[in-house]
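To start, the structure itself, in structure tokens.
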Amino acid sequence: FARLRAAGYRVTIGAASPPHVDVIVIFSKDLGASASLRFLLGRSHLPCVLIRSDWPPHRSIPIVPTIEVVASPRAVTSEREEFIPLLPQRGIRRRSPERGNHIRTLGYKGSIEQQPEFLGSTSFQEQLTALQVQVDQLDLHGTPSHWPDFTDTDVVLCMRSDQWSTEHKPPTKLINAW
């Protein structure tokens, strides 16, 4: 939105739109709200771009968009789906250069229910303690403002539990860590 507006396009955001709209763009996680669905029903004659993001592919979507943008090339399953390479994440705070070449903090930034099982194990914690490494474990649902902060993170764990499919997930954490 901000990039389109900065480029001079007439764009709006929110549940109301000006009378002369050419296309509707909606984020998949907003489709659960009845106001969003009512908004779309009143504009069903317009092209609709759905940003699926990392919405699981098995979860149904209550509309049939003109184009659906997915977060991973492996998530493309039909001709109306497109993968767009990731843009740099806004607000990333990079690792502090003063941390040097030492590894003192292992960061995991993700949902607690999706973390690899070994991360919470006593054995793994004991091994890290022996190496003088602490875990900065962040549940994204708890404090999203901490998500882009890598200033005190020396190593990032970019994994999920085996029970969670990752084929639809973008490599955002890995790219941010890099």
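Out of all the residues in segment 51-64, is one or more modelled with pLDDT under 75 and assigned to a strand (DSSP E or B)? Yes; the residues of segment 51-64 include at least one that is modelled with pLDDT under 75 and assigned to a strand (DSSP E or B). Anything in segment 24-36 that is part of a helix (DSSP H, G or I) and modelled with pLDDT under 65? List them, or say none. Correct list: Ser34, Ala35.
Selection over segment 78-102 of residues that are over 21 Å from Pro148 (Cβ atoms) and surrounded by 11 or more Cβ atoms within 10 Å (Cβ to Cβ) gives a count of 4.
If the condition is being in a loop (DSSP other than H, G, I, E, B) and open to solvent by less than 100 Å² (accessible area, probe 1.4 Å), then segment 65-77 contributes Pro65, Thr66, Ala71, Ser72, Val76. Can you find, within segment 108-142, the residue that is most open to solvent (accessible area, probe 1.4 Å) among those that are touching a helix residue (DSSP H, G or I) at 6+ places or on another chain (Cβ under 8 Å) and at pLDDT 80 or above? Of everything passing the filter in segment 108-142, Gln134 is most open to solvent (accessible area, probe 1.4 Å). Taken as a whole, the condition of being more than 21 Å from the chain's Cα centre (by Cα), hydroxyl-bearing (Ser, Thr, Tyr) and closer than 22 Å to Ser161 by Cα does not apply to Ser44.
The values are calculated or read from the model by the stated rules, or taken from the named source; none is laboratory data. Note that the structure is predicted; figures quoted are calculated from it, not measured. Counting neighbours? That spans all protein chains shown, and the Cβs are built from the backbone with ideal geometry, glycine included. With ligands, DNA and RNA removed, areas are computed over all heavy atoms of the protein, side chains included. Shrake-Rupley method; radii C 1.70, N 1.55, O 1.52, S 1.80 Å.
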